[in-house]
Each structure stands twice: as structure tokens, then as C-alpha cells.
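All remarks here apply to the structure that follows.
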Amino acid sequence: MNARTEIERAVRAAAPHALVETVRDALAIAYDARSVQLLLADYGMTVLKPVGAAPEHEGVLSMHNSPQGRAFGSQRPHEVPAGDGGQVDHHLPVTVRGERLGILSVRLPADAVTPQTMDELAHVADLLGHEIVVAERDTDHYRRARRVNRLTLAAEMQWQLLPARAFTAAEYAIGAQLEPAYAIHGDNFDWAADGDQLTVSVTNGWGEGIQASLLTNLAVNALRNARRAGIGIADQAALADQALYEQHRGSAHVSTLLLRFDLATGRIGAVDAGSPQLWRLRGRTVARVELDAQLPLGMFEESQYVVQNLQALPGDRLLLVSDGVYDTLSPHGEAYVERGLARVILATRLLPAASVPGAVLRELADYRDADTLDDALVVCIDWFGRQGSEG
């Protein structure tokens, strides 16, 4: 049995909380690894935090000015010499279907490194990522490791509700991020795909704190329930609207933007039920996509919703942004939507979809020049289209 098979068997048999220790022992035996460390991206996507580090902030590394951060940002292995002992640190991205989880750092003797070894280490990093995603059903070990601060209860509820922060398929790539990551209230994003369609939603529960989070939880689960029954997005909105109205009788509501992509053609159905905005970068032209404004979910009894049709072209980039982005004011009172939003969309055009939301939110933080309690959400969708399709 070769080393790769032995490692796979050991990792798949490991206890959910013991994946890193199992990989460390296996790499020491198979490749004479001198040290093995897993670093996970924190909720704010600003630092990489070692799994198992103690005390709380020991070994935390910047995502923007460290060798591990460079590997994370480029999504390519990065190598640096490790002291005077003829050893090399290899930093390998741990990524699952476009979701950037962190970095696996492995220190090896320099003379032990071959192209085959690097290929096998990349496979181990990929395997570890998939096993972490599965293990999180049964342990809090990795979720705890992602925290550099305590999450508020509302934020805990929101992160538990979210899908991955990035996903890549043949026809599209998605990236998303929420701020303030450790104190988010009611903003949320969701997506799901099958062989023919991709559905994306952005929601914003009215109010603050637990109230907003509870509203969003009800809305997102109502939308998912309808979506999983095979219902179109207009009826998804209508059923979620009924669920919210039945619970709150119009005293609370949720703003929602729903998109459904036909993967074969690039045709998009859209339902705009509230405040989130849709922007498009086509070539070097940035413009807001004007949608027919409809009632937020839960405002009135038995609201009806209508689908608006759009067309995505290969190379298009779509951004869905919440009011916490476009309504943010500069110290001089200028709303970000007036000039800043189009400028940052164009400035980040060369970044992959997974990196765009974080870049936009960092620029937004500098623009407002002050802390804010309002949620800010960005979802980026790069549309590649299906080879040979009409879209």
C-alpha cells in the first residue's frame, strides 16, 4: 500500500476533532515531515489562526503580509526556507470547491522534496479540507479555531445559517462576505445549484440583533423549503412572505433579492423584494441593474411577486450588495453608491470572485472612516457560461 493510500485511510478513520494530529503523524512517517500545522481563515477573513493554538491569539498570522497569507491569496503553494537546518516550509491552500478554508504548512528536509512529493502534499491538503467540512457536523473544534473574537448570539445564528463563502463550478464562481463578521445582525446570503439551475438569494431582516437574525432565519428557511419543493422563485418569495406575515402580521419584514440562473443559457430570473441592489461589470462598464421594485417579504398579507428576466453573458460579473454597502456615508456625507461602489467594482475586476467581497468591504471600511453597526454584505458572481450554450 503506497503512502497516499495509507494517509487517506488514516484521515478518513480519524476522530472528527483529531484530523490535524492524524495528518501530522502520517506525514512524519511518509515524508519525514518535521512539523505540520493547519491554519484556518477567521470569520472576518483577515487572519489565519492555527488549529489548536493556545492561548487565544498565539500564532495568529496576517492574511495580507505573511508567506501563509500569500499562499492563501494566490491559491498556489508557497515555499520559504526554514532556518539554517536545510529545511523548507511548504504552505498549501486548503480549499473545497472554491471555499477557501485555510493553509496546511508542512516543514520538510530540502533534499526530500520532489515534484511527486509536492503533488501528494497538495492531495493531502485537499483531502483535509473535505474531511473538515464533514467533521464540522460532529465537532466545534474547527469553528472555534476560526474565531479571534467571540461571536454575538445573532452572529452565531447567521453563520450557522450560511452556506460556504465561495463556490466554483464550470459555469460560474461565487464569493461572499458579511461584516461586521463577529456581530452581524440580519444580512444573509444563500445559494444552491443542481445540474440545470443556480439559485442565489440575499436577505436582510428588519431590526437589530436577535430580532433581525430570527427574522432572517425564518425567511431563509421558508425560501429553502419552497426551493427544495421545486417551486419557482416568484412562488418562493410568496410562500416566504406568507410565513413571515403569519408570524408577525406585518410588524416586521425582510428585504430579499432572488436570482435564478439557467446554467445552459445564462438567462436569469430575478425577484426584487426590498433593498439589496444588483450591479454588473461587463467589459469595463459598471452599471446598476435596475429591477422592478416589489414589496419586502412579510409586509402585507398574500403579496404577489413577478419574475423579471435578464441575460448574463460570458465574462459578466454580478455583485449583490446590501444597503449597508451602498448607503454607507463618507465623513463628508457622500453615499458610497454615488461614486465609490462603481469605482471599487472596476478596481477589483482582476481578482477572483472569492476575493472580491473582502476587497470591497475593506475599501468600504476606509471610505466611511468610522466604525458602523450596520451590516454590510457583498456577493460576487462571475458568469463563465456553458461551452456551446447560447448565453
Mind checking which pairs have a first residue in segment 81-97 that is open to solvent by 30 Å² or more (accessible area, probe 1.4 Å) and a second that is among the hydroxyl-bearing types (Ser, Thr, Tyr), Cβ under 7 Å, 6 or more apart or different chains? 97/168
Would you pick out the residues in segment 5-21 that are more than 16 Å from residue 105 (Cβ to Cβ) and either open to solvent by less than 80 Å² (accessible area, probe 1.4 Å) or without any contact (Cβ under 8 Å) to a residue 24 or more places away in the chain (or both)? 5, 7, 8, 9, 10, 11, 13, 14, 15, 16, 18
Examine segment 315-326 for a residue that is farther than 27 Å from residue 254 by Cβ and not in a loop (DSSP other than H, G, I, E, B), and state whether such a residue exists. no
Identify, from the list 295, 281, 329, the residue that is open to solvent by less than 70 Å² (accessible area, probe 1.4 Å) and aliphatic (A, V, I, L, M). 281
Kindly establish whether residue 116 is out of contact with any His (no Cβ under 8 Å at 6 or more places or on another chain), open to solvent by less than 50 Å² (accessible area, probe 1.4 Å) and modelled with pLDDT under 95. no
Restricted to segment 180-206 and to residues being open to solvent by less than 40 Å² (accessible area, probe 1.4 Å), touching a residue at least 40 places away in the same chain (Cβ under 8 Å) and of a type in the set (Gly, Ala, Ser), the residue nearest to residue 265 (Cα to Cα) is 201
Out of the residues in segment 338-386 that are without any contact (Cβ under 8 Å) to a residue 24 or more places away in the chain and part of a loop (DSSP other than H, G, I, E, B), state the one that is least open to solvent (accessible area, probe 1.4 Å). 348
Between 104, 128, which is assigned to a strand (DSSP E or B), out of contact with any Lys or Arg (no Cβ under 7 Å at 6 or more places or on another chain), under 30 Å from residue 150 (Cβ atoms) and open to solvent by less than 40 Å² (accessible area, probe 1.4 Å)? 104
Helices (runs of 4 or more DSSP H) wholly inside segment 136-247 that include at least 2 residues being among the hydrophobic types (A, V, I, L, M, F, W, C) and under 20 Å from the mean Cα position of the chain (by Cα): 153-161, 209-228
Among the residues of segment 299-320, is there at least one that is touching a residue at least 60 places away in the same chain (Cβ under 8 Å) and hydroxyl-bearing (Ser, Thr, Tyr)? yes
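Over 20 Å from residue 100 (Cβ atoms), surrounded by 15 or more Cβ atoms within 10 Å (Cβ to Cβ) and within 20 Å of the chain's Cα centre (by Cα): is that true of residue 323 in this structure? So that I can check it myself, show each step before the final result.
Working: over 20 Å from residue 100 (Cβ atoms): yes; surrounded by 15 or more Cβ atoms within 10 Å (Cβ to Cβ): yes; within 20 Å of the chain's Cα centre (by Cα): yes.
Taking the combined requirement at face value, the residue satisfies it.
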Residue 255 meets each of (1) part of a helix (DSSP H, G or I); (2) open to solvent by less than 60 Å² (accessible area, probe 1.4 Å) with one exception, condition (1)
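How many residues are touching a Lys or Arg at 6+ places or on another chain (Cβ under 8 Å) and aliphatic (A, V, I, L, M) when one looks only at segment 170-199?
To start, the set of residues in segment 170-199 that are touching a Lys or Arg at 6+ places or on another chain (Cβ under 8 Å) comprises 170-171, 175-177, 182, 190, 192, 197-199.
Applying the additional criterion that residues be aliphatic (A, V, I, L, M) yields 170, 176, 192, 198.
So the answer is 4.
Return yes when residue 74 is open to solvent by 50 Å² or more (accessible area, probe 1.4 Å), free of Cβ contacts under 8 Å to residues at least 60 places away in the same chain and either in contact with a helix residue (DSSP H, G or I) (Cβ under 8 Å, 6 or more places away or on another chain) or of a type outside the set (A, V, I, L, M, F, W, C) (or both) and no when it is not. Working first, answer last.
Details: open to solvent by 50 Å² or more (accessible area, probe 1.4 Å): yes; free of Cβ contacts under 8 Å to residues at least 60 places away in the same chain: yes; either in contact with a helix residue (DSSP H, G or I) (Cβ under 8 Å, 6 or more places away or on another chain) or of a type outside the set (A, V, I, L, M, F, W, C) (or both): yes.
Judged against the criteria, residue 74 is a match.
Kindly establish whether residue 250 is touching a helix residue (DSSP H, G or I) at 6+ places or on another chain (Cβ under 7 Å), assigned to a loop (DSSP other than H, G, I, E, B) and more than 15 Å from residue 309 (Cα to Cα).
On the way: touching a helix residue (DSSP H, G or I) at 6+ places or on another chain (Cβ under 7 Å): no; assigned to a loop (DSSP other than H, G, I, E, B): yes; more than 15 Å from residue 309 (Cα to Cα): yes.
Taking the combined requirement at face value, the residue does not satisfy it.
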Can you tell me which residue among 241, 262, 235 is among the acidic types (Asp, Glu), under 28 Å from residue 387 (Cα atoms) and modelled with pLDDT of 95 or more? 262
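The values are calculated or read from the model by the stated rules, or taken from the named source; none is laboratory data. Predicted model, so just to flag it, every value in this text is computed and none were measured. Positions of Cβ are backbone-derived with ideal geometry, glycine not excepted, and every protein chain shown enters the neighbour counts. The accessibility values were calculated without ligands, DNA or RNA, using every heavy atom of the protein model including side chains. Shrake-Rupley method; radii C 1.70, N 1.55, O 1.52, S 1.80 Å.
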